[in-house]
Amino acid sequence: MSGLRFGNDVAQIDLVVEIPLDMAVEIEDSSGSIDVAGISGAVDIDDSSGSLKVEDVAGDVAIEDGSGSIQVRNIQGSLRLRDGSGSIEVVDVGRDVVVERDGSGSINVRDVRGDFTVRRDGSGRIRYRNVEGNVQISRRKS
């Protein structure tokens, strides 16, 4: 724990957790930013709100997020996303990227060595570049 403050009836905690490199990580969070880096196992994040940054993961990554920006970089495995709102930026994924659901916000994806699929998107611009596999973006419903 790097800090704990109480003031004006608001509590804040900054938590730093170090784990063995090859251990799988599962995170459930209701609010606040999350940074995950340097994991050899799989990463599974369930977050209600707050920014997410995930980088340098050798395993697969699954993210379910209610709101807030998502940044994902340097993932050797696959990436699965479910997002309510907020921008999504994905760079350098070794396998498939699947956006199962995105309510609103931009999606920017580049440098994917597998397929890129968007199954359901509410609103926002979708941009992709340097996808080696197939690209499938479902049409928005009017």
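Derivation of every value follows stated rules applied to the coordinates shown; laboratory data play no part. Just so it is clear, the model here is predicted, and its values are computed rather than measured. Backbone-built Cβ (ideal geometry, glycine too); neighbour counts: all protein chains shown.
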If you take Cα Rg over 2.2 N^0.38 Å from the coordinates, which of (1) 0.97; (2) 1.09; (3) 1.23 do you get? (2)
Just to be sure I understand: of the beta bridges DSSP finds with both ends in the chain, what percent are antiparallel, rounded to 5? 10 percent
With point charges of +1 on the Cβ of Lys and Arg and -1 on the Cβ of Asp and Glu, referenced to the Cα centre of the chain, which listed residue (V91, S104, V16) lies farthest in the positive direction of the dipole? S104
Report the FRET efficiency, 1/(1 + (r/R0)^6), for E132 and D14, where r is their Cβ-Cβ distance and R0 is 41 Å, rounded to 0.05. 0.60
Please give the charge dipole size of the stretch 20-137, origin at the Cα centre, charges +1 on K and R Cβ atoms and -1 on D and E Cβ atoms. Round to the nearest 20 debye. 620 debye
Roughly how many whole Å is it from the C-alpha centroid of the stretch 59-81 to that of the stretch 89-142? 12 Å
Under the Karplus relation 6.51 cos²θ - 1.76 cosθ + 1.60, θ = phi - 60°, what is the ordered set of whole-Hz ³J(HN,Hα) values for the stretch 120-133, x standing for Gly and Pro? 8, 9, x, 7, x, 6, 10, 10, 9, 7, 6, 9, 6, x
Pairs of alpha-carbon atoms within less than 8 angstrom and 6+ residues apart define the contacts here; what relative contact order does the chain have, in percent? 13 percent
